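The values are calculated or read from the model by the stated rules, or taken from the named source; none is laboratory data. Since the structure is predicted, the reported quantities are computational estimates derived from the model, not experimental observations. Cβ coordinates were reconstructed from backbone atoms using ideal geometry, including for glycine residues, and neighbour counts include every protein chain displayed. These accessible areas exclude ligands, DNA and RNA; they are computed on the full protein's heavy atoms, side chains included. Shrake-Rupley method; radii C 1.70, N 1.55, O 1.52, S 1.80 Å.
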Amino acid sequence: MSRKTIDVLALLEWANRNLKREDEFATVDFKSGICSMIEMVLLETGNYEGFNFQNNDDSATGTLGYYSRSYFYSTKMRQETQKSAQQNKDTEFYETCQAAEEEMAKEADEYNPEGEWFSK
């Protein structure tokens, strides 16, 4: 049997997105299963930090509102998201600089000062 790993942060974000759903397929059973799964993963990996209901007035045990919730990021996970966001900004900055450099090089290659000075 092969083993495969998945990023806990990606799984948490997937779970939170699906727990916010309000379409016809987002049933109590559907959300209950997601809650059981993500709680087990978060507890097993030392990342459980609790959750909050989307609507505290609609959170009676066993109802759809009870399973409509969002799980919190652990400190470690928040640091990972901040690091990832900074890496994305750094990559975007590098790519922007590289594109500008390539554009400037292209303009320099196409520049013909002699034609400019002697065209009259």
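Against the chain, whose longest principal axis comes from its Cα atoms, helix 75-110 is set at around 20 degrees.
Which length gain, in nm to one decimal place, applies between Gln98 and Thr27 when the Cα-Cα distance is subtracted from 0.36 nm times their residue separation? Please list the in-between numbers first.
Working: separation 71, 0.36 × 71 = 25.56 nm, distance 4.85 nm.
Contour length minus Cα-Cα distance gives 20.7 nm.
Taking 10 °C and 1.306 mPa s as the conditions, I'd like the Stokes-Einstein D for region 37-99 in µm²/s, using the Kirkwood hydrodynamic radius from alpha carbon pairs. Don't skip to the answer; put the middle values down first.
Numbers: Rh = 14.3 Å.
Stokes-Einstein gives a translational diffusion coefficient of 111 µm²/s.
Rounded to the nearest 20 debye, the dipole magnitude of region 1-89 is 500 debye, with +1 charges on Lys and Arg beta carbons, -1 on Asp and Glu beta carbons, and the Cα centre as origin.
Remark on Arg69: its backbone amide H falls under 5 Å from those of Gln54, a criterion applied only to residues 5 or more positions apart or on other chains, H modelled at 1.01 Å from N. By the Kirkwood approach, averaging reciprocal distances over each pair of separate Cα atoms, region 19-73 gets a hydrodynamic radius of 11.5 Å. Ser70 contributes about 20 Å² of solvent-accessible surface, heavy atoms of the protein only, 1.4 Å probe. Loop-located trypsin sites (Lys or Arg not before Pro) across region 19-111 with a Cβ neighbour count of 14 or fewer within 10 Å are Arg21, with loop assigned by DSSP.
Mean projection of the Cα convex hull over all viewing directions, computed for the chain: 15.2 nm².
Sequence-distant contacts, meaning Cα pairs under 8 Å at least 6 residues apart, place the relative contact order of the chain at 21 percent.
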